[in-house]
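One structure is given here, and the rest of the page talks about it.
The values are calculated or read from the model by the stated rules, or taken from the named source; none is laboratory data. This one's a predicted model, so the numbers in the text were calculated from it and none came from an experiment. Glycine gets a Cβ as well: all are built from the backbone with ideal geometry, and neighbour counts include every protein chain shown.
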Amino acid sequence: MSSESSLTIASGHLRAEFWPGAGLLCVSLRYRGRELLRRIDDLEAAKQRGSTAGIPLLYPWANRLGSLHYDAAGRHVQLDPASPILHFDEHGLPMHGVAWGRLQWTVLDRKEDSVLARLDWNGPELLPVFPFPHSVEIAAKAAPESLSLHIAVFANGGSPVPISFGFHPYFGIPDLPRNDWRIKMPAMRRLSLDSRGIPTGAEQSFRAVDELLGERSYDDGFALVDEQPSFRLSGGPTSITIRFLEGFSYTQVFAPSGRDLMAIEPMTARTNALVSGEGLRILESGGQFRASYRITVETGTGNEHANQNEHL
């Protein structure tokens, strides 16, 4: 897939591949050889552009900021629009924190079905962007029916740490047209966005849905209502469920019309929280913050489920 050094964890027929040297990006999630991830056709190009692909961690903020400067945890930060480690949207707004390809993770422990890796946030390249020294650990665990991702932030650098990160998993149903995919989402609060995709502060109720995706498009931010909400993308014999287990209070749902992908993005804060301060959590020095979510896949139809109870 690439010249990047990679590692694979597996359980049963489930296999997940990661790039520790490039953001710990999950570049493949397969069951019985069928790929469930999207935007992985040209990972080298995505790395060079700083664009998202597969399952990236968006760090230290998810989605976009509405300004090139922010004030958080007692620090004023001015971002450089020419920074080589940041990615900017069409409006020139900083998007998804530091580009995943610039984050080098250290593998602390690896087993056949799991990996634990650490990122130390320090040094002259990272601190001007987010001047809060700390460490981050991700534990990925494969099971015959699921992949779980657990992240822990340790405020061990003598500084408080704003919590504003998220993940951006891109999924698709193998061998089935987008129009035949079905999406199930819980009741939430939809965030009103301005023309740049920045929350205005207003919210509206959003009813639970269970419907064909068809030609519908989404690029919407939501405040979560349930403590452990789950979302399902399904079609034919395959369904993919994303359940937020802890630490995530918001999500962005992204399904551009005419493209065979859908992203359900776990987020610890709403878009632009570093700038607005709205709902931003601050981890005090010496503290820990934990968040996790699980991706579960079911395969088989009708009698196969009844007779074999076959699950991924």
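Tabulated values for the structure
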read-out: Breaking point among (1) without any contact (Cβ under 8 Å) to a residue 40 or more places away in the chain; (2) in a loop (DSSP other than H, G, I, E, B); (3) not hydroxyl-bearing (Ser, Thr, Tyr), for Gly286; value: (1)
read-out: Residue within the range 103-110 that is over 21 Å from the mean Cα position of the chain (by Cα) and either at pLDDT below 95 or not in a strand (DSSP E or B) (or both) present; value: no
read-out: Qualifying residue in the range 172-185 (condition: without any contact (Cβ under 8 Å) to a residue 40 or more places away in the chain and closer than 24 Å to Asn272 by Cα); value: no
read-out: Enumeration of residues in the range 115-127 that are part of a strand (DSSP E or B) and touching a residue at least 40 places away in the same chain (Cβ under 8 Å); value: Val115, Ala117, Leu119, Trp121
read-out: Pairs where the first residue, in the range 134-159, is free of Cβ contacts under 8 Å to residues at least 24 places away in the same chain and the second is not aliphatic (A, V, I, L, M), C-beta under 7 Å, 6+ apart; value: Ser135/Arg118; Ser135/Asp120; Ser135/Trp121; Ser135/Phe154; Ser135/Asn156
read-out: Among (1) free of Cβ contacts under 8 Å to residues at least 60 places away in the same chain; (2) out of contact with any strand residue (DSSP E or B) (no Cβ under 6 Å at 6 or more places or on another chain), the one test that Glu112 misses; value: (1)
read-out: Qualifying positions in the range 111-128 - of a type in the set (Lys, Arg) and either touching a helix residue (DSSP H, G or I) at 6+ places or on another chain (Cβ under 9 Å) or surrounded by 15 or more Cβ atoms within 10 Å (Cβ to Cβ) (or both); value: Arg118
read-out: Answer residue from the range 130-144, given it is part of a loop (DSSP other than H, G, I, E, B) and crowded, with 20+ Cβ neighbours inside 10 Å and is nearest to the chain's Cα centre (by Cα) among those; value: Phe130
read-out: Hits in the range 13-33 - residues which are in contact with a Pro (Cβ under 8 Å, 6 or more places away or on another chain) and modelled with pLDDT under 95; value: His13
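Each row is one residue, and each column tells you yes or no for (1) crowded, with 17+ Cβ neighbours inside 10 Å; (2) more than 15 Å from the chain's Cα centre (by Cα).
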| site | (1), (2) |
| --- | --- |
| Ser5 | no, yes |
| Phe18 | yes, no |
| Cys26 | yes, no |
| Leu37 | yes, no |
| Ala45 | no, yes |
| Gln48 | no, yes |
| Asn63 | yes, no |
| Asp80 | no, yes |
| His87 | yes, yes |
